[in-house]
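The values are calculated or read from the model by the stated rules, or taken from the named source; none is laboratory data. If you're wondering where the values come from, they're calculated on a predicted model, not measured in any experiment. So basically every Cβ, Gly included, is an ideal-geometry build from the backbone, and we count neighbours across all protein chains shown. Surface areas here come from the heavy atoms of the whole protein model, side chains and all, with no ligands, DNA or RNA. Shrake-Rupley method; radii C 1.70, N 1.55, O 1.52, S 1.80 Å.
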Amino acid sequence: MNSQPGPSRERSPVVTRRKTLTDEQLLALLQESDVDDGDSDFEVDTEESDSEDNFLTEADIPEIRHSISAEHWSSNPVQVPSIPFIGNAGLKVQPKGHEPIDYFDLLVSDDFYNFIVEETNFYAIEVLSLSSEKSRITHWKDLTTTELKVFLGLLYHTGTILLNKLEDYWKQDDLFNIPCFKKHMSRNRFLLILRVLHFSHDAVDPNDRLFKIKSIVEYFNNKMDEVYYPGKNLSIDESMILWRGRLIFRQYIQGKRHKFGIKLYILAEPNGLNLKIMIYTGQKLSQLEQPHSNSHTESVVINLMEGKLYKGHSLYMDNYYNSVN
């Protein structure tokens, strides 16, 4: 029963109930801005409020529709300005000729050959001091630069003519006879050089698992920066070097052709030219991790792109490397 206030009873204050719009209703309103004022049919929530400035109400609909009129909206997408490529792509140093060996010499200098010869001879003496008199190393003669070039040429040639064992390249059987190998170097000498081929005689560094080949990797990366600058498009991805032996940082990647092996992070051009490589060892190396990076993959990208940032490159990579940084 509704009681009427008497002479001695004060009237209760009127609570103002306003119709407010939810986020979904406001979004629908923006999408249907051409609807007339009387056609809006929103379901609204009723909430008690002491202030009229806290909510959007149905009374605000005409003003909102006016603000989103045609003069404020356009069907033409915003054109993002393109970033120009300002790098000077191409060779920084010209070869002496136009033969393949001339381009190879751009990457492999005489200093590099002399370095390998020095390290290999030093290691051969060390192995000789620990070997018996009947060992093949007792017939060792110092390696020369000319002989090293012949050795590397034959070693590369084994990649174009595939046989089961290295010894097969020196067989004299009609089915295996390849004269160029025994013509330039004997089998025993080739296997002996391969046995003592060395790139570092420094003491073992427990904090660096790549100390034996670190100088070779750094030489390649520095030499590529010295003789060549890439084009606009670059790519970062992993590659696998087949290795089934015992190695603490051996990896397994199912999608690769060689599933077991050593994983490399590679910066490359679309034609497949490798510009810089990093070997994954399973540990955080001081030269890899950057102080402003939050993850290992961010450090890989920043390290591989060193010297090529802010040049307008388009860098392609999968979501393994993607991050806001």
* If you scan the stretch 118-153, which residues turn out to be under 12 Å from R189 (Cα atoms), of a type outside the set (K, R) and either assigned to a loop (DSSP other than H, G, I, E, B) or touching a Cys at 6+ places or on another chain (Cβ under 9 Å) (or both)? -> W140, D142, L143
* Residues satisfying the stated conditions in the stretch 226-284, i.e. over 30 Å from F85 (Cα atoms), of a type in the set (S, T, Y) and more than 16 Å from the chain's Cα centre (by Cα) -> Y252
* Structure fact -> Picked from the stretch 78-99 (must be free of Cβ contacts under 8 Å to residues at least 60 places away in the same chain and open to solvent by less than 100 Å² (accessible area, probe 1.4 Å)), the residue farthest from Y229 (Cα to Cα) is G97
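Pick out the one residue from L106, L155, L128 that is within 30 Å of E306 (Cα to Cα) and surrounded by 12 or more Cβ atoms within 10 Å (Cβ to Cβ). I'd like the intermediate steps shown before the answer.
Numbers: L155 fails: within 30 Å of E306 (Cα to Cα); L128 fails: within 30 Å of E306 (Cα to Cα).
Answer to the selection: L106.
With open to solvent by 20 Å² or more (accessible area, probe 1.4 Å) and modelled with pLDDT of 90 or more as the only criterion, which of N221, N274 stands out?
After applying the criteria, what remains is N274.
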* To do: Take the residues in the stretch 162-183 that are modelled with pLDDT under 90 and acidic (D, E), then tell me which one is most open to solvent (accessible area, probe 1.4 Å).
  => D174
* So is R187 surrounded by fewer than 16 Cβ atoms within 10 Å (Cβ to Cβ), among the charged types (D, E, K, R) and under 18 Å from G282 (Cα atoms) or not? -> no
* What are the residues in the stretch 293-325 that are open to solvent by less than 40 Å² (accessible area, probe 1.4 Å) and closer than 22 Å to K232 by Cβ, if any? -> V300, V301, N303, L304, M305, K308, G312, H313, S314, Y321
* Asked: What helices (runs of 4 or more DSSP H) completely inside the stretch 166-281 contain at least 2 residues that are hydroxyl-bearing (S, T, Y)?
  -> 214-227
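Could you check, for the stretch 192-215, whether at least one of its residues is touching a Lys or Arg at 6+ places or on another chain (Cβ under 7 Å), closer than 30 Å to M317 by Cβ and open to solvent by less than 40 Å² (accessible area, probe 1.4 Å)? Before you say what the answer is, go through the steps one by one.
Filtering the stretch 192-215 down to residues touching a Lys or Arg at 6+ places or on another chain (Cβ under 7 Å) leaves 192, 199-200, 208.
From what is left, the residues that are closer than 30 Å to M317 by Cβ are 208.
Add one more test, that the residue is open to solvent by less than 40 Å² (accessible area, probe 1.4 Å), and what stays is 208.
Scanning the stretch 192-215, I find at least one residue that is touching a Lys or Arg at 6+ places or on another chain (Cβ under 7 Å), closer than 30 Å to M317 by Cβ and open to solvent by less than 40 Å² (accessible area, probe 1.4 Å), so the answer is yes.
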